[in-house]
Every structure is written in structure tokens, then in C-alpha cells.
Amino acid sequence: MVLDPAGRVQVVNDEARRLLPPGPEGAGGGEAGVELPPAVRRLVDAGEDVVDDVQVTDDRVLVVSRLDARWEGRRVSTVVTLRDHTELQALTRDLDAVRGLAEALRSQAHEAANRLHVVVTLVEQGRTAQAVEFATAELAAAQELTDLVVADVADPAVAALLVGKSAQAAERGVELEVEPDTALPAGLLPARDLVTVVGNLVDNAVEAAMAAPEPRWVRVRTGFADGVVEVRVTDSGEGLPPGGLELAVQRGWSRKEQRLTPHGAHGLGLALVGQVVRRHGGSMAVEEPVTLDDGGGTLVVRLPVGAVGERA
């Protein structure tokens with residue numbers, strides 16, 4: 001794809017046409033009839049050469065490269081190449097989720113071995129009452145979250161995600177609490193989209209909590225009412241900075257660092273949440289804390305449920 005010095009698209013091939021939304025002929029998209037999404041337009045207008053930068057549009061994850069063409073020191077055009085990594089990114093997220101669950105199971109197995117060792121030692125010392133008390137207390141604590149999630153979150157992917165994220169958060173010194181009034185029927189929205197939203201909001205909240213003083217915690221609530229799925233995540237961190245929500249859904253923003261991190265590893269997660277929100281015609285908002293117990297604020301994502309034929 002080639003743009004003139006004014007930033008208008010003049011030459012575009014078939015692949016770029018497939019990846020970009022159509023635009024009016026001769027207006028905004030030049031004579032090429034394509035429109036540059038805001039994420040790509042920001043990169044093009046930045047004026048810097050870029051190689052393989054990941055940008056999130058409304059419905060795709062694109063790898064973008066930008067290079068100015070110059071003649072006698074003057075910029076005469078800009079060459080932009082696009083590669084579609086949407087499916088690869090989705091598969092990578094699925095793989096990350098599986099790895100996270102595997103790590104959580106590995107950690108739980110290690111902890112179970114430690115607890116069993118304690119129980120065996122107590123029994124060998126003839127302290128059977130203490131052994132029973134210790135074993136039942138540990139089992140009750142481990143089972144409480146699982147029972148709550150499995151009973152109230154009918155979507156198996158989200159239920160497994162929450163159990164796994166709880167174990168991961170505990171390893172990092174953060175207590176993840178699934179609120180008692182959590183509920184989510186199965187089949188309302190594509191499981192991949194729900195996993196993207198819940199997983200990335202939780203990861204973001206855990207990072208924020210880790211940067212805050214103790215106690216470090218994250219609270220999660222999912223619900224469904226009036227045709228809308230709602231995901232609420234609160235953490236004990238400092239909260240979003242003023243105007244931070246708009247930045248949060250841009251590629252390269254990291255809540256952990258509270259700034260834009262161009263070309264860095266951080267910031268893709270919330271951009272993907274924003275992509276899901278736009279695709280479903282939903283909303284993403286920040287609720288400011290009312291009391292100190294409310295942490296640094298709550299991120300709320302609301303996704304309307306479409307027609308039956310649109311569901312996964």
C-alpha cells in the first residue's frame with residue numbers, strides 16, 4: 001500500500017483491500033477506496049519508520065510496517081505493508097490460557113504434596129486430630145472457590161479460566177475472589193470472546209494489585225441481565241489515571257506501567273478487550289471507588305447478547 005505525502009492511499013493491492021474496511025472513493029482513502037483504521041492511521045501519521053508493529057483494529061490484529069520513500073531528501077510517498085495475524089493471535093491466546101492452567105495445576109499438585117507431607121508427619125507423631133483438622137481445613141479452602149465457580153458459571157471455559165487465574169494470582173501474592181453473586185449461563189457469547197475479556201481484565205488487575213501495598217486482591221463478578229453479559233473486575237491497585245480508559249484500549253498501553261509503551265510487549269491485552277467490545281457493540285467503563293475498600297476502581301465491560309444465530 002502506498003500513500004502520498006498528504007497521507008492519502010493511492011495504491012493498494014488485493015490483500016490490503018481484504019484487511020482494510022472500504023472507504024469512499026476519492027475521500028479519505030484517496031482513489032483506492034479503502035479506509036485506514038485509527039490504530040493504523042496513528043502509526044502512519046507518526047512519521048517514524050516502523051517494522052512489524054502489532055496494531056489492533058475493530059476486527060483484526062495486524063502486523064504493520066511503515067517506510068518513507070524519499071527523493072533528494074524529500075519524502076515523496078509512504079509504503080505501508082500489512083500482515084494478518086488475527087487467527088495466530090487468537091491461537092496464541094488460547095495456548096497461553098492452556099499453559100496458564102497447566103502451570104496452575106502443576107502448582108496445585110506441588111502444594112498438595114506439601115500438605116500431604118504435613119498430614120503424614122502429624123499422623124506419624126500420633127497427632128491424628130491435628131492431622132484431620134489441617135487436612136479438612138485445606139480441602140475446604142481449596143474447594144470453596146471451585147464449588148462457587150462451577151455452580152454459578154455454566155460456561156466451562158470461563159469457569160476453568162477463573163479457577164486457573166485464582167491459582168496463578170495466589171502464586172504472585174494476590175488473592176483473587178470470585179464474588180458470591182457471580183453467575184453466567186452457557187452459550188450466551190462465543191467462549192473465545194469471553195475468555196479474552198475475563199482473562200485480560202484479570203491479568204491487568206493482578207498486575208495493578210502487585211504494584212500496590214498489601215493486602216493485594218482482585219475481585220471478579222460476571223452476570224447476565226436484560227440481554228447483557230457484564231464482567232466487573234476490581235483490584236487493590238491505584239486505578240486508572242485521568243483519561244486512562246481511552247489509552248487503555250490502544251495498542252501499547254500498560255496499566256502496570258501507567259503509560260504508553262510503543263513496540264513493547266505490554267498493552268495488547270486491553271486492546272483486545274476493546275476489540276471484543278466494539279465487535280459486539282458493547283461498552284467499557286471505569287467506576288470510581290466509593291470507599292477505601294473499593295480499591296482503585298472497577299473496570300466494567302458490558303456485552304449485549306445477539307440473535308441466536310450469532311452465538312457460538
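Brief remarks follow.
- Accessible surface, 1.4 Å probe, highest first, among residues Leu116, Leu62, Leu95: Leu116, Leu95, Leu62
- Label separation (Ser65 vs Glu48): 1.8 nm, computed from points 7 Å beyond Cα along the C-beta direction.
- The simple spin-label model puts a point 7 Å past each Cα toward its Cβ; for Val286 and Asn13 those points are separated by 4.2 nm.
- For peptides 172-183, 70-81, sequence by mean Cβ density within 10 Å, most packed first: 172-183, 70-81
The values are calculated or read from the model by the stated rules, or taken from the named source; none is laboratory data. Because the structure is predicted, anything quoted here is derived from the model rather than measured. Methodologically, a virtual Cβ is constructed for each residue, glycine included, from the backbone with ideal geometry; neighbour enumeration extends over all protein chains shown. Heads up: the accessible areas ignore ligands, DNA and RNA and are worked out on the full protein's heavy atoms, side chains in. Shrake-Rupley method; radii C 1.70, N 1.55, O 1.52, S 1.80 Å.
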